[in-house]
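Student: Before I ask anything, let me first share the structure, which is written out below as structure tokens.
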Amino acid sequence: MLTKNNGLTALLRAHAGRVYSLSTASLVAMTCVYSCATLVKANPLNPNSDAAAFVEQQVNQQQTMSNTLADNMWHWAETRFEEQKSSQAMQDILIEHGFEVDVGVADMPTAFVARYRLGTASKHLSSASQVTGPVIAILAEMDALPGLSQGAVPHQSPIAGKAAGHACGHHLFGAGSLEAAIAVKNWLVLNKVKGEIRLYGTPAEEGGSGKVYMVRKGLFNDVDAVLHWHPGGQNTTQPMTTLANKTAKFRFYGIASHAAAAPERGRSALDAVEAMNYMVNMMREHVPSDTRIHYVITNGGVAPNIVPEFAEVYYYLRTPTASNLPELWERLEQTAQAAALGTQTKVDWEIMSGVWSTLPNATLAKVTFDAMQRFGGIEYSSNEQTFAEELRPTLNKRAINQVGNEQIIQPFTDKIYHATASTDVGDISWNVPTAGFVAATWVPGTAPHTWQAVAAGGMSIGHKGMHLASKTLALSAIRLFQQPALIEKAKIEWKTRVGNVKYQSQIGDRAPAITPK
């Protein structure tokens, strides 16, 4: 079961292939009852097999639609808060499939919440109105990364005229989550199960903290459980935490002057940036070892013979718990103030984003593991295997030990994996029981934020991992609708892990950091 797709999966795919020839994505809602009749027989709520068969059939039906959506988003490669085409394409499909869509939520034009409700959904599952059903949310990201243009080929080949790329696979994240939400909606309709499935279109994960604004707006207050996934190089549902993160642009203002004829009249804003960076680099020795600090100079002046009157440096500071961030952040701000004082310049800064660490939930993670197991790993075609073999030499030595990881589901334990990345999913997880997982959309051994991730995400290897994620999300959500006791168990675990910690957004009351046009 753990190594490869079994005979049952192949049989189900054969059934799904016959059904697919009779319908299109635009007719899924109308043909659902008919097309699923061969798979869902006497008891459509049988937790052992029928739901998995239904999900397999549904995802197979939608593959052309979701592959096209993912490929379009890959080509558009829209960066944070600029995901107009990607967001609109997702909205159009959801409306076509009967979802109600609220657009521009939380003051972000590309953010949306899509809902499909059967019956009247309760605000809290444990309330007296439990019979009306739970609210299950699935997250869908959509933003690309600047500066990582790359073709869908196994060697480094930027696309001319293209400045960004989906090096974190959010095009697959968005399209795959949408695919899952439609499958769950069709299952609710077929089985007349009361409840609500939601898809949250969440922009600007890459440094924009889009989900934080949605949390701040209260858009998750009536949600019972949240599911999400992320592209990667393996298939794992291990409970995971991430680093809390805060970012800001530090802007220094000096006095311009001729750098040779009258340097004494100038005060260099670039000197201030370099002085700050020097102090921060010394500070690294005196912070907890699991702290991460990184920066990029975004403006260092315009010409060597002009003393720069303006300079800007963009900082990220990460640490395992949000409660430790304020003290570390204050020290970072003090280095900026000291740099300004020492260079006789002025400084201000703008908080760009801030996220909490992810709060793991083993109960929900086990649900996703059981679901992923039902479908097994991924098999490469001969062309995909050739692509992987050609790309693999460009990866680091650890990649050799990960050959074949796409075929297996990593074993599950309750041990928490501590990731060194950050995500705005963290803020959601401190407000609602949340679980995510990783599916192998990249050649195993590929790191995120690399051209290799862009390359695999733009071809069929990415598609296959996306569909495994879609099936895992859909079946996990269905299990929660089938077994509300799992949600209650997840909530108990969530309350225990939260303890006495009081959530407070790290971005304060600032508006989304959208660049004016």
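The values are calculated or read from the model by the stated rules, or taken from the named source; none is laboratory data. Everything numeric here is computed off the predicted structure, so don't read it as measured data. Here Cβ is always computed from backbone atoms with ideal geometry, including for glycine, and neighbour counts include all displayed protein chains. With ligands, DNA and RNA removed, areas are computed over all heavy atoms of the protein, side chains included. Shrake-Rupley method; radii C 1.70, N 1.55, O 1.52, S 1.80 Å.
Student: Being of a type in the set (Ser, Thr, Tyr), touching a residue at least 40 places away in the same chain (Cβ under 8 Å) and more than 18 Å from Asp50 (Cα to Cα) is the filter here; which residues of region 458-517 pass it?
Tutor: So the first thing to find is which residues in region 458-517 are of a type in the set (Ser, Thr, Tyr), and the list is 460, 470, 472, 476, 496, 503, 505, 515.
If we keep only those that are touching a residue at least 40 places away in the same chain (Cβ under 8 Å) as well, we get 460, 470, 472, 476, 503, 505, 515.
Ser460, Tyr503, Ser505, Thr515, listed by residue number.
Student: I'd like to check which helices (runs of 4 or more DSSP H) are fully inside region 383-487 and have at least 3 residues that are within 22 Å of Ala152 (Cα to Cα). Outline the logic, then answer.
Tutor: Numbers: elements: 425-429, 451-457, 460-482.
Filter on region 383-487 gives 451-457, 460-482.
Student: What is the residue count in region 291-316 for residues that are among the acidic types (Asp, Glu) and open to solvent by 70 Å² or more (accessible area, probe 1.4 Å)? Even if it seems obvious, please write down each step before you answer.
Tutor: Taking region 291-316 and keeping what is among the acidic types (Asp, Glu), we get 309, 312.
Filter once more, keeping what is open to solvent by 70 Å² or more (accessible area, probe 1.4 Å): 309.
The qualifying residues number 1.
Student: Based on this model, can you work out whether Gly218 counts as farther than 25 Å from Arg479 by Cβ, open to solvent by less than 10 Å² (accessible area, probe 1.4 Å), in a loop (DSSP other than H, G, I, E, B) and not hydroxyl-bearing (Ser, Thr, Tyr)?
Tutor: In short, no.
Student: With the requirement that a residue be part of a strand (DSSP E or B) and over 30 Å from Ser357 (Cβ atoms), what does region 242-267 give you?
Tutor: Within region 242-267, the first condition is being part of a strand (DSSP E or B), and the residues that meet it are 244-253, 255, 258, 267.
Residues satisfying the conditions are Phe252, Tyr253, Ile255, His258, Arg267.
Here's the yes/no breakdown for (1) open to solvent by less than 20 Å² (accessible area, probe 1.4 Å); (2) over 28 Å from His294 (Cα atoms); (3) of a type in the set (A, V, I, L, M, F, W, C); (4) modelled with pLDDT under 95:
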| position | (1), (2), (3), (4) |
| --- | --- |
| Ile408 | no, yes, yes, no |
| Gly426 | yes, no, no, no |
| Val432 | yes, yes, yes, no |
| Val438 | no, no, yes, no |
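Student: Can I ask one more? What pairs come out if I take residues in region 318-339 that are farther than 12 Å from Trp356 by Cα and among the hydroxyl-bearing types (Ser, Thr, Tyr) and pair them with residues that are part of a helix (DSSP H, G or I) and at pLDDT 95 or above whose C-beta lies under 6 Å away, six or more apart or interchain?
Tutor: Thr335/Met276; Thr335/Met279; Thr335/Val280
Student: So, one more: Whether any residue in region 371-392 is surrounded by fewer than 16 Cβ atoms within 10 Å (Cβ to Cβ) and not assigned by the TED database to the domain that holds Trp74 is what I want to check.
Tutor: Of region 371-392, the ones surrounded by fewer than 16 Cβ atoms within 10 Å (Cβ to Cβ) are 379, 381-383, 385-386, 389-390.
If we keep only those that are not assigned by the TED database to the domain that holds Trp74 too, we end up with none.
No: zero hits.
Student: If you take the residues in region 224-241 that are open to solvent by 10 Å² or more (accessible area, probe 1.4 Å) and assigned to a loop (DSSP other than H, G, I, E, B), which one is nearest to Gly354 (Cα to Cα)?
Tutor: Restricting attention to region 224-241, the residues satisfying the condition of being open to solvent by 10 Å² or more (accessible area, probe 1.4 Å) are 228, 230, 233-234, 236, 238, 240-241.
So of that shortlist, the ones also assigned to a loop (DSSP other than H, G, I, E, B) come out as 233-234, 238.
Working: Gly233: 27, Gln234: 28, Gln238: 25 Å.
Restricting to residues being open to solvent by 10 Å² or more (accessible area, probe 1.4 Å) and assigned to a loop (DSSP other than H, G, I, E, B), the top hit is Gln238.
Student: While we're here: Mind checking whether some residue in region 398-414 is among the acidic types (Asp, Glu), in contact with a helix residue (DSSP H, G or I) (Cβ under 6 Å, 6 or more places away or on another chain) and either closer than 30 Å to Gln504 by Cα or assigned by the TED database to the domain that holds Ala175 (or both)? Please lay out each step first, then the result.
Tutor: Let us first name the residues in region 398-414 that are among the acidic types (Asp, Glu), namely 406, 414.
Adding the requirement that they be in contact with a helix residue (DSSP H, G or I) (Cβ under 6 Å, 6 or more places away or on another chain) leaves 414.
Next, from what is left, pick out any that are either closer than 30 Å to Gln504 by Cα or assigned by the TED database to the domain that holds Ala175 (or both): 414.
Yes, the conditions are met somewhere in region 398-414.
Residues checked against (1) farther than 30 Å from Ala322 by Cβ; (2) outside the structural domain of Glu406 (by the TED database); (3) open to solvent by less than 20 Å² (accessible area, probe 1.4 Å):
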site: His449; (1), (2), (3): no, no, no
site: Ile461; (1), (2), (3): yes, no, yes
site: Lys464; (1), (2), (3): yes, no, no
site: His467; (1), (2), (3): yes, no, yes
site: Leu473; (1), (2), (3): no, no, yes
site: Arg479; (1), (2), (3): yes, no, no
site: Lys489; (1), (2), (3): no, no, no
site: Ser505; (1), (2), (3): no, yes, no
site: Ala511; (1), (2), (3): no, yes, no
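Student: Mind checking which residues of region 412-427 are in contact with a Phe, Trp or Tyr (Cβ under 6 Å, 6 or more places away or on another chain) and closer than 18 Å to Arg318 by Cα? Even if it seems obvious, please write down each step before you answer.
Tutor: Residues of region 412-427 in contact with a Phe, Trp or Tyr (Cβ under 6 Å, 6 or more places away or on another chain): 412, 426-427.
Scanning region 412-427 gives Gly426, Asp427.
Student: Now, a different point. Would you mention how many residues in region 154-190 are buried (at least 19 other Cβ atoms within 10 Å of the Cβ) and over 21 Å from the mean Cα position of the chain (by Cα)?
Tutor: 5
Student: Further question: In region 317-355, which residues are open to solvent by less than 20 Å² (accessible area, probe 1.4 Å) and over 30 Å from Ala256 (Cβ atoms)? Break it down stepwise before answering.
Tutor: Quick first cut of region 317-355, residues open to solvent by less than 20 Å² (accessible area, probe 1.4 Å) only: 317, 319, 322, 325, 328-329, 332, 335-336, 339-340, 345, 352-355.
If the condition is that a residue be open to solvent by less than 20 Å² (accessible area, probe 1.4 Å) and over 30 Å from Ala256 (Cβ atoms), then Leu317, Thr319, Ala322, Leu325, Leu328, Trp329, Ser353, Gly354, Val355 are the ones that fit.
Student: Among the candidates Leu270, Leu317, Leu328, single out the residue that is in a helix (DSSP H, G or I), of a type outside the set (Lys, Arg) and within 24 Å of Glu205 (Cα to Cα). Before the answer, list the steps.
Tutor: Numbers: Leu270 fails: within 24 Å of Glu205 (Cα to Cα); Leu317 fails: in a helix (DSSP H, G or I).
Going through Leu270, Leu317, Leu328 in turn, just one is in a helix (DSSP H, G or I), of a type outside the set (Lys, Arg) and within 24 Å of Glu205 (Cα to Cα): Leu328.
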